[in-house]
Structure formats: C-alpha cells, structure tokens
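We did not get these values from a lab; they are worked out from the coordinates using the rules stated. These figures come from a predicted structure and were not determined experimentally. As a convention, Cβ positions derive from the backbone with ideal geometry for all residues, glycine included, and neighbour counts pool all protein chains shown.
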Amino acid sequence: MKKLPIFLWAAALLAAGCAPQFDSQSFLDKFRIVAVKTTPAAARPGETVTFEPLLSPARDGRSPILVWLSCVPLPSQTGRQCLEAGGALPAGFDRTLSLAAPELDPEETEKTVYVILLACAGNLVLSDFSEGEFSFCDSEENDLAIKTVKVRPEGDAAVNHNPQLVSFALGGAALGGEDEAVIDCREGCEKVTLLAAMSATSAEHFTQERFGEPVSMVEDVFVSWFADAGELENPRSYPLDEPPEGVTGEGLFFTVEWIPPLGVDRVTFRVTAYDQRGGVDFRSGVAEIEGLRGRDAAQ
C-alpha cells in the first residue's frame, strides 16, 4: 500500500513546484489544470486512449512537473478513494499520456478506469495519500485532476464521443490561429463578445435505460469560459436558440460578454466544451488589446 508514496519520493528526486487558491472560477491568474481531454471519450477494450491537459501557466513561468497515475477501482470506489487506498500506479511523466484500455471480464458490460494527474510547478514532495495528505508539492502552484474513462464492448451504441469546438472568437476576431487577435479599444471598450461554436453533432443522441426501459435522449452540452485578465459576465454558457447576428452556418453557438481591464494589452482566453457523459474539448487564444484600453478608456 506504500507503493504510491515511494513512487512520489522517487519522482521528486528526478524532477523539479504546488497548491492553488482561485478567487474566481473563470479568472486564471495562477497555475491550474483547467481540463483534461481523452481521445476517444469512451474506449473499447484494448483501445489506446490519449489524455491531454489544458493548463494555465505558473506565475513565475516555470514548466510544471506532470505525474500521471492510473487506477482500476474496486466496486463503488471513487477516484479519490482509489488514490487513498494505494491502488493508483504510475503511468507516465510527459505532457500527454497514452494508455491501453483494459479488457473486460466475461461477465462485465462496462469497466471504469480513473486516470489521476498531479501537476506541480515546483518540486514534488513525499505525500502519503492513505492518510488523506495531498501536499505533493512544495509550491502553491499545483493542482490535481481525476479523469474517468468508461470502457465498453465493441458495438455498444452508448459509447460517447467528445464535443467538437470548431471556432473561437473575440469581437469577431478569431482566437487560436497563428496570429493574435487584435481588438481596437482606442475609443473605449465597455464589453466585447466571446463566441464559441460546436459542431452540430456534438450533442449526441443516445439510449439510456430508465426504470428498465430504453429511453432515447439528446446530450446536454455547455462551455466554460476563462481569461487571465478582465471580467467575464458568466463562467458558463449554454447553446443559443439561434445563431448570433451575422453568423451563418450550422452548429451550436455560445456567447459571453468580456469586460476589458485597464492597463492590460495582452489577454489569454480559454474555452472548454463539455457534454453530460464526460466528453471534453478545448481551445485557447491570445488577443492584443490595442490603443486606449479598458472599460474606462473613453473617459
């Protein structure tokens, strides 16, 4: 049962910071695991699953140490309980992780796998998770995420796919391309609209048993917004009833108003897309705020 703390001690000898506190859900001014995406969202037995995190940078700019752990839990065991019980084993140290989904036992129709990411923008320290200690880093710049993957048999129609973000823009300027978006605030910017679009197929149709009967359902989808400066009017948005004015094409559209700050001329934005069955996608982009900046610039 002491395998995990011993492993972390060994990792600490190899690596070089971690425990964040956040004032606002959407304000990313410190290191954080924003989301973890798995591809595919749900796996077949033996299929390779790739795990990719979306991270906000550490305040001092240092690269974080990433430690990936995997755990096939006991019945009814949560990811945190699996970690505390010593069942999580080392799986990797790179920016992304590729893992083969386990085979199903003959009587199983589904298997759960937990993948745990420890991220530390400092130095790893010995932590005995069996004692409920989660101080695995000597810096406040750290975070921990637990991702659940469902393994289902071939041909299972309930297998989920990730939602697909197809565009991300601020004030009509595309975010995430080779060039930074430029927002002209020389005459003042009270609010600027962030717009994200998902493919029309992101909200999947699936069948779920309820009271022993199959029920046809459509996934709920939403996005969460993040910025490292300014204010977002809402941390989360749901699909609009119709495309925004001037936007054409099919898809699911999401908007939120961003209030620019004073004295900042470069802002990083992130958007994460979720469906109700654990699918994730994300995008990031940087915008240059040009000229007189902020909501009070016109005064």
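Taking a quarter of the surface of the convex hull around the Cα atoms of the chain, what do you get in nm²?
Working: hull surface 72.4 nm².
The Cα convex hull of the chain, projected and averaged over all directions, gives 18.1 nm².
How much length is gained if the chain between E133 and A174 is pulled fully straight, taking 0.36 nm per residue apart and subtracting their Cα-Cα distance, in nm to one decimal? Mind showing how you got there, number by number?
Values: separation 41, 0.36 × 41 = 14.76 nm, distance 4.32 nm.
Length gained between E133 and A174: 10.4 nm.
With a 10 Å Cβ neighbour count serving as the proxy for reagent exposure, in which order, fewest first, do V113, V264, V166 appear?
Exposure proxy ranking, most exposed first: V264, V166, V113.
For segment 193-240, what is the charge dipole size about the Cα centre, in debye to the nearest 20, if Lys and Arg each add +1 at the Cβ and Asp and Glu each add -1 at the Cβ? Can you show the working numbers first?
Details: 2 positive and 8 negative charges, 13 e Å.
I would put it at about 60 debye.
Can you figure out the FRET efficiency of T96 with E245, using R₀ = 35 Å and their beta-carbon distance, to the nearest 0.05? List each step's numbers first, then the result.
Details: r = 39 Å, r/R0 = 1.11.
For T96 and E245, the calculated efficiency is 0.35.
Suppose every Lys and Arg Cβ carries +1 and every Asp and Glu Cβ carries -1, with no other charges. What dipole size does segment 81-239 come out with about its Cα centre, to the nearest 20 debye?
For this selection, approximately 360 debye.
So, R0 is 25 Å and r is the distance between the beta-carbons of E103 and T148; what FRET efficiency does that work out to, to 0.05?
Numbers: r = 18 Å, r/R0 = 0.73.
It comes out at approximately 0.85.
Under a crude label model (7 Å from the Cα following the beta-carbon direction), how far is D265 from A203 in nanometres?
Distance between label points: 4.2 nm.
Hey, if you put +1 on the Cβ of every Lys and Arg and -1 on every Asp and Glu Cβ in segment 154-299, which of P261, V271, G251 ends up farthest toward the positive end of that dipole?
P261
How many nm separate the modelled label positions at R236 and D184, each set 7 Å beyond the Cα in the direction of the Cβ?
Distance between label points: 3.8 nm.
From the cross-link list K30/K150; K111/K147; K30/K111; K37/K111, which pairs have alpha carbons spaced over 25 Å apart? Intermediate results must be reported in sequence, preceding the final value.
Details: K30/K150 31 Å; K111/K147 14 Å; K30/K111 35 Å; K37/K111 19 Å.
The pairs that break the limit, which is 25 Å between Cα atoms, are K30/K150; K30/K111.
Given C-alpha coordinates of segment 3-151, what is the ratio Rg to Rh with the Kirkwood estimate of Rh?
Values: Rg = 15.5 Å, Rh = 15.8 Å.
The Rg/Rh ratio comes out at 0.98.
Sort I146, I65 by Cβ crowding within 10 Å, fewest neighbours at the top. Spell out each step's value before the answer.
Values: I146 17, I65 23.
Least crowded to most crowded, the residues run I146, I65.
For segment 202-283, restrict the atom set to alpha-carbon positions and state the Rg and Dmax in Å.
In Å, with Rg to one decimal and Dmax whole: 16.6, 59.
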